[in-house]
Amino acid sequence: MIEILVSFFLLVGAAFALIGSWGLVHLPDFYLRLHGPTKATTLGVGGMIIGSVIYFSSHGETLSLHELLVTLFLFITAPVSAHMLAKAALHLQLRSEERTRNRNDV
Amino acid sequence: MNAALLPIIILLPLLGALLPVLAIRLGRTASAWSAAALSGIALGLLLTLVPQVFAGETLLYRLDWLPAYGLNLALRLDGLGVLFALLILGIGLLVILYARYYLSEHDPMGRFYGFLLLFMAAMLGVVLSENLLLMLIFWELTSLSSFLLIGYWKHRADARQGARLALTITGGGGLALLAGILLLGHISGSYELSVVLASTETIQAHPLYPATLVLILLGAFTKSAQFPFHFWLPHAMAAPTPVSAYLHSATMVKAGVFLLARLFPALAGSELWFYLVAGTGMVTLLLGAYHALFKHDLKGLLAYSTISHLGLITLLFGLGTPLGAVAGVFHIINHAIFKASLFMAAGIIDHESGTRDMRKLNGLWRYMPHTATLAMVAAASMAGVPLFNGFLSKEMFFAETLHHSWLGAWHWLLPVGATLAGVFAVAYSIRFIHDVFFNGDPIDLPRTPHEPPRYMKVPVEILVALCLLVGIFPAWTVAPLLASAAASTVNGTVGGALPHYSLAVWHGFNLPLLMSVIAIAGGALIYVLRHQLFALHARLFRPFDAKALFERQLEQIIGYARRLTALLENGSLQRYLMLLVASAVVLVASGLWGSPLSGPLPAGEVDAVTLAGALALALSAITTTLWHRRRLVALIQLSVVGLVVSIAFVRFAAPDLALTQLSVEMVTIILLMLVLYFLPQQSPAESSPLRIGRDLLLAVAAGGSVALLAWGVLTRPYQTIGDYFMANSLSGGGGSNVVNVILVDFRGFDTLGEVTVLGIAAIGIVMMLSGLQLKMPTADAAGRPWARERYPMILAVISRPLLPLALVVAIYLMLRGHNMPGGGFIAGLVTAIALILQYVASGIAWTQQRMHLDYIKLTAAGVLLAALTGLGSWAFGYPYLTSSFGHFTLPLLGEFELATAMLFDLGVFLAVIGSTLLVLANLGKLSVLKHTLKEER
């Protein structure tokens, strides 16, 4: 039962990481591509961390919460780095697709 | 117990050399007093030991230093040592008093006394060493410290050149001496004097004896200014006169003849010794005496006279007879006394009249009768007039030359040469006195001469009194000192028998007396005829400048060295890297040649994940190279390499290394970003296709050979040292994290070295960066200006709470390091990165306002803490850096472990933070324009 649960979360995390990487490669412009890695770092890593918490809590004696610290750091830093990337892109006036939403607000 | 005073006698001036430098803040007299007190105490300690030595004892002090190499702190006090130590300390004391009044207001007196004490310590070390290698160390130290003393007036070109000349020649001789002593130790099987002096037959029968002798003599002759190395000595006269009085009477140049005396029992007595030593001594004796007469410079005359007297002493030792050695030792004493007083008198004359030119200095008797009297006594002693001390040893010298038979039918050469030298000695002594103090009136002197300050004359008076006392009552004054010194010279021990010699002034009418009479009469005659002789000398000898010749040859040698260096080192980094890699390839290839590549073991299985990682690594390395001209892109590729490496560490169960690699990777990227900021973003294409081809070939060869090596190692069975560490980590080092225990305990000394190097490198980088002016790029390659917002608000705000969080992580890593992945190095890097983030996000000014850390001090504190922790184990009688640990229990907290290794680790932690931030913060400062820094404040 536990194994199925752990596998599920690992698969979910891996799927998000795959989708994020896929998007990073395939999306047409920088602003769109920026979405890819943010999915991978938040949802992808998140899924794996939940899997890890369940696995180690059930195998060890105590509740394993180290992983939450990883989440905390990631939640603090990932948005900031995405923000910085976007700022840089705007400053450099990178080319964007016609279809990109809100492109005229920039 | 008494012998334990010996190291103290040397250490007093050695460590005390700083005292006068500090005391100068309390005034010049305080500085002089501190120097005098130190040498006075050392002299007092020495005097307490003298009775024992006179009673026939040889005091030995021994402390193992590097026994495996035969180098020990072994000291020895015998008769010869007592004699020299007395001269060094006694005359040193007088020179200190004299220099107090000689040096002018503008001369930095503290530094003078500092150098003088350093030199004194080095000389004491030479004469008190039992171990020959130890003696050599002090010997080199005398060369170095005399360089500082001769070049004391560093604003004067002649002083600098004279100092350099002396250092080059005596230093070169020191190298020969090193080789000679190594040979001597090889032959006799020990570097201890007691052994060497006792194995005379072994040494002289050995086929290497001639080479050994020549090398050792080269050392002695360069130091004692023997022909053809004599020319450095006159140029050393550019030193202040107290220095000349000290170096050229009792110390520096006497080190060479001391060596002859010291090794006399082991080396002397052979035919080779006689021809080399006596021959050199004779040539030097005559050459020096002749040239001394024709010098117009007062100190120049004394310099050549010194050369001549050193030649005399060398000649005496060269005779190889016990009586010759006795006379040599006796003349060492007498020469030291009268030459020191003469130099001091010359210094007084120079000081009070402003010139040393004997063509201008005339008739000073009327202005300074007191000084003149003193100088006359000393000069009479130098000339060898009866009732003065110089007469006694000169008489012995004359007698010895008569009783020698090595030369067979040419035996008359020695006494004739000796008498001739005596004639010249009398002539230049008369010239010294008559030209300066009589002979008409002074000719436009810069100053009106007068008597010097009272205390400037005291040292001269003491020395002159000694000249007379020794000269008139030799048996009551110098006899015991001479007997014990001569006995230890001749026999190597104090107790041995000495041949009969008589110290009486009057020996009846004999041949030596006749030689003395001829010398005095002939000298007077030559002085009367001096004007004709000067003219003849000027016509016969064109001025020959040995120094210019030497300098020219030196230039030439330096030129050769430069050209050779330029062949290898042309300033191109590519060239160096090529040479380095190519030689590595050659070494590997030559090592692998002929041996089977694969070992008996089958290759291990390769799984898909490892393969994928290896491919990623290779691919990113290749793309880094391919895109190296687009620098930012290459940098990102490079970070991929680092990332894959750290993942590989995780895979092979080395979380410590993975953590370290990750943090090092981050610091490196920041560092490179900072540097790249100043560089164009595109590298121009610089290499020709040919060169790229060559480099490619080289790269393939290097990579291939590493792969082959790895393959060869992996397919062979081998025992790693890892098992030892695994087994002993917990029991021996008290930690279950083997990597950390290796770093702080098993290999703690390595780590200490690495941390020190890290600190030095960081400080070096800061020094290079200080005052650097770089052109600041205002836009990127495409001409787009930098963003106006320097410190984006979101980044700045978010990074601040990150700091305490990161610090908690660092402390956690640090504390658990001994048993779990972590440790001081990683914790230091994590802290450094967290702090760097503050610099990046909020600016240098903002950060420094809130954090007053001096990174240089932090680095130093870290290194010191690590080093001191190691010292701590000495206090408990364990070897350096032995870790100790214990388990303690506290209520509430439970059981925990404390290890001294943690203190060491703390030192590493601090040093890593300090040096990382030192480099990054200083590089970062460069990238911020000065005015923006001001604005921010």
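Other residues within the sphere of radius under 11 Å centred on the Cβ of B:Thr306, judged by their own Cβ, net out at +3 (K and R +1, D and E -1). Relative contact order of the range A:2-105: 30 percent, from C-alpha pairs under 8 Å at least 6 residues apart in sequence.
In terms of distances greater than 18 angstrom between alpha carbons, the cross-link table entries B:Lys299/B:Lys360; B:Lys254/B:Lys339; B:Lys295/B:Lys394; B:Lys339/B:Lys394; B:Lys154/B:Lys223; B:Lys295/B:Lys360 yield B:Lys295/B:Lys394; B:Lys154/B:Lys223. Extension gain, B:Ala621-B:Leu15: 0.36 nm per intervening residue step, less the Cα-Cα distance, totals 212.6 nm. Per-residue mean of foreign Cβ neighbours for B:377-384 is 0 (Cβ atoms of other chains, 10 Å radius). Taking label positions 7 Å along the Cα-Cβ direction at both B:Glu754 and B:Ser104, the computed distance is 5.7 nm, reported to one decimal.
Using the alpha carbons alone, the radius of gyration of the protein assembly as shown stands to its Kirkwood radius in an Rg to Rh ratio of 1.11. Run the numbers on the range B:268-528 and let me know its relative contact order in percent, using alpha-carbon pairs under 8 Å that are six or more apart. Reported relative contact order: 25 percent. As a calculated quantity, the FRET efficiency between A:Ser7 and B:His186 at R0 = 56 Å, using C-beta atoms, amounts to about 0.15. Close amide H contacts of B:Glu130 (hydrogens built in the peptide plane, cut-off under 5 Å, sequence separation of 5 or more or a different chain): B:Ala74, B:Leu75, B:Arg76. Residues in the range B:74-110, backbone N under 19 Å from the label point at B:Arg62 (7 Å along the Cα-to-beta-carbon vector): list them, ranges by number please. Under cut-off, by backbone N: B:74-79. Residues whose amide H comes within less than 5 Å of that of B:Val385, counting only those at least five positions distant or on another chain, are B:Phe391 (H built at 1.01 Å from N in the peptide plane). May I ask you to derive the FRET efficiency for B:Leu468 and B:Val517 from their Cβ-Cβ distance with R0 = 25 Å, giving the value to the nearest 0.05? Computed FRET efficiency for B:Leu468 and B:Val517: 0.70.
What you get for the range A:2-105, charging only the Cβ of Lys and Arg (+1) and of Asp and Glu (-1), is a dipole of about 460 debye around the Cα centre. Listed values for the range B:802-815 are Karplus-derived 3J(HN,Hα) couplings in whole Hz (6.51 cos²θ - 1.76 cosθ + 1.60, θ = phi - 60°), namely 5, 4, x, 4, 5, 5, 4, 4, 4, 4, 4, 4, 5, 5, and x replaces Gly and Pro. In sequence order, the range B:108-120 has phi-based couplings of x, 6, x, 5, 4, 5, x, 4, 4, 5, 4, 5, 4 Hz under the Karplus curve 6.51 cos²θ - 1.76 cosθ + 1.60, θ = phi - 60°, and Gly or Pro positions carry x. With the simple spin-label model, which puts each label point 7 Å out from Cα in the Cβ direction, the B:Leu272 to B:Ala614 separation comes to 6.3 nm.
Stokes-Einstein diffusion for the range A:2-105 at 4 °C, viscosity 1.567 mPa s, with a Kirkwood radius from C-alpha pairs, works out to 84 µm²/s. Taking max minus min of the alpha-carbon positions on each principal axis, chain B gives extents of 109, 72, 66 Å, largest first. Please rank B:Tyr191, B:Tyr290, fewest neighbouring Cβ atoms within 10 Å first, as an exposure proxy. Placing the least packed residue first, the sequence is B:Tyr290, B:Tyr191.
Each part gets one Cα centre, and for the range B:485-563 versus the range B:282-327 those centres are 2 Å apart.
Extending 7 Å from the Cα toward the beta-carbon at both A:Leu27 and B:Ala710 defines two label points whose distance is 3.7 nm.
Going from the fewest other Cβ atoms within 10 Å to the most, the residues A:Phe73, B:Phe147, B:Phe338 appear in the order A:Phe73, B:Phe147, B:Phe338.
Close amide-amide hydrogen proximity is noted between B:Phe227 and B:Thr284, each under 5 Å apart and 5 or more residues distant or on a separate chain (H modeled in the peptide plane; Pro and chain starts excluded).
Take each residue in A:65-75, count the other chain C-beta atoms within 10 Å of its C-beta, and the mean is 1.
Give me the distance between the Cα centres of the range B:582-659 and the range B:205-266, rounded to whole Å. The distance from the Cα centre of the range B:582-659 to that of the range B:205-266 comes to 60 Å.
For the range B:640-649, the Karplus equation 6.51 cos²θ - 1.76 cosθ + 1.60, evaluated at θ = phi - 60°, returns couplings of 4, 4, x, 5, 5, 4, 5, 5, 4, 4 Hz by residue, with Gly and Pro reported as x.
Compared with the direct C-alpha span, the chain from B:Arg788 to B:Leu671 gains 39.9 nm at full extension, assuming 0.36 nm per residue. Counted by Cβ distance under 14 Å from B:Val423, the other residues give a net charge of +3, where Lys and Arg count +1 and Asp and Glu count -1.
Based on Cα contacts under 8 Å between residues 6+ apart, chain B shows a relative contact order of 8 percent. What is the local net charge at B:Tyr576, summed over the other residues whose Cβ is closer than 14 Å to its Cβ (Lys, Arg +1; Asp, Glu -1)? Net charge around B:Tyr576: -1. Within the range B:574-594, which residues have the backbone N less than 19 Å from the label spot 7 Å out from B:Leu568 along Cα→beta-carbon, could you tell me? Within reach of a label on B:Leu568: B:574-588. If R0 is taken as 22 Å, the Cβ-Cβ distance between B:Leu774 and B:Ala845 corresponds to a FRET efficiency of 0.70. As a proxy for reagent exposure, A:Tyr31, B:Tyr576 were ordered by neighbouring Cβ count within 10 angstrom, fewest first; the result is B:Tyr576, A:Tyr31. Ellipticity at 222 nm from helices only: DSSP H runs of n ≥ 4 in chain B, each -39500 (n - 2.57), divided by the residue count, give -23000 deg cm²/dmol. Between exposed GluC sites (Glu not before Pro) in chain B, where DSSP calls loop and at most 12 other Cβ atoms lie within 10 Å, what's the longest gap? Between exposed loop sites, the widest span is B:106-568. Between B:Tyr69 and B:Ile558, full extension at 0.36 nm per residue minus the direct alpha carbon distance yields a gain of 172.7 nm. Each peptide in B:611-623, A:35-47, A:59-71, B:83-95 gets a packing score, the mean of other Cβ atoms within 10 Å over its residues, and the list from highest to lowest is B:83-95, A:35-47, B:611-623, A:59-71.
Any read-out appearing in this document is the output of simple, stated calculations on the displayed coordinates, not a laboratory observation. Keep in mind the model is a prediction, meaning the values are calculated, not measured. Counting neighbours? That spans all protein chains shown, and the Cβs are built from the backbone with ideal geometry, glycine included.
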